[in-house]
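Chemist: Here it is, the structure, as C-alpha cells.
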Amino acid sequence: VLAVPVLFKQALENTEMEEGKSVSLRCELTKADATVVWKKGEATLQASSKYEMKQKGTVAELVIHNAEPEDA
C-alpha cells in the first residue's frame with residue numbers, strides 16, 4: 001500500500017507585521033489533519049504564550065503574538 005504524500009495546496013506567503021502586534025501565517029494542505037511542524041530555521045517552534053498553533057481540516061495556522069524583528 002502506497003501512502004499518498006501530503007503537499008501544500010497553498011504555501012506560506014511573506015507577511016508584513018507591526019512590532020508588538022500578532023501576526024498569522026497560514027498554509028493549506030492536500031490532506032486534512034496532517035501533522036504539521038512549524039520551524040524557524042532549524043529550531044522547531046513549541047506552543048507557548050508567544051506561538052499559537054491551530055489546525056482545522058486542511059488549514060494549518062501559526063499565530064505569533066507580540067511580534068518582534070527577531071521573528072522574521
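Chemist: Report the local net charge at Val23: Lys and Arg +1, Asp and Glu -1, summed over other residues whose C-beta lies under 14 Å from its C-beta.
Modeler: Net charge around Val23: -4.
Chemist: Report ³J(HN,Hα) in whole Hz for each residue of the range 32-49, in order, from the Karplus equation J = 6.51 cos²θ - 1.76 cosθ + 1.60 where θ = phi - 60°; Gly and Pro get x.
Modeler: 5, 6, 5, 6, 10, 10, 9, 10, 10, x, 8, 7, 7, 7, 10, 4, 7, 5
Chemist: Rolling a 1.4 Å sphere over the protein heavy atoms, what is the accessible area per residue of the chain, to the nearest Å²?
Modeler: Details: 5640 Å² over 72 residues.
Ligands and nucleic acids excluded, the result is 78 Å² per residue.
Chemist: To continue, here is another question. Where the centroid of each part is defined by its Cα atoms, how far is the range 23-48 from the range 49-72 in Å?
Modeler: Distance between centres, Cα-based: 8 Å.
Chemist: Oh, and also: Identify which of Lys50, Lys39, Lys31 has the largest mean-square fluctuation in a Gaussian network model of the chain, with springs joining Cα atoms closer than 10 Å.
Modeler: Lys39
Chemist: Still on this model: In a GNM of the chain with a 10 Å cut-off on Cα contacts, which of Thr58, Thr30, Thr15 has the highest mean-square fluctuation?
Modeler: Thr15
Chemist: Roughly speaking, to the nearest percent, how much of the chain's 1.4 Å accessible area is carbon and sulfur? List each step's numbers first, then the result.
Modeler: Values: 2910 of 5640 Å².
Ligands and nucleic acids excluded, carbon and sulfur give 52 percent.
Chemist: For the range 8-71, report the translational diffusion coefficient in µm²/s to the nearest whole number, using Stokes-Einstein at 20 °C, 1.002 mPa s, and a Kirkwood Rh over Cα pairs. Mind showing how you got there, number by number?
Modeler: Numbers: Rh = 12.4 Å.
It diffuses with D of about 173 µm²/s by this estimate.
Chemist: Given 20 °C and 1.002 mPa s, compute D for the range 1-43 with the Stokes-Einstein relation, Rh being the Kirkwood radius over Cα pairs; round to the nearest whole µm²/s.
Modeler: Numbers: Rh = 12.9 Å.
Here the translational diffusion coefficient equals 166 µm²/s.
Chemist: Then there's this: Looking at the chain as a GNM with Cα springs under 10 Å, which of Val59, Val37, Val23 has the largest mean-square fluctuation?
Modeler: Highest fluctuation among the options: Val37.
The values are calculated or read from the model by the stated rules, or taken from the named source; none is laboratory data. Treat the numbers as computed from the prediction; the structure is a model and nothing was measured. Every residue, glycine as well, gets a Cβ built from its backbone with ideal geometry; the counts of neighbours run over all protein chains shown. The protein model used for the area step is the full one, side chains on, heavy atoms only, and it has no ligands, DNA or RNA in it. Shrake-Rupley method; radii C 1.70, N 1.55, O 1.52, S 1.80 Å.
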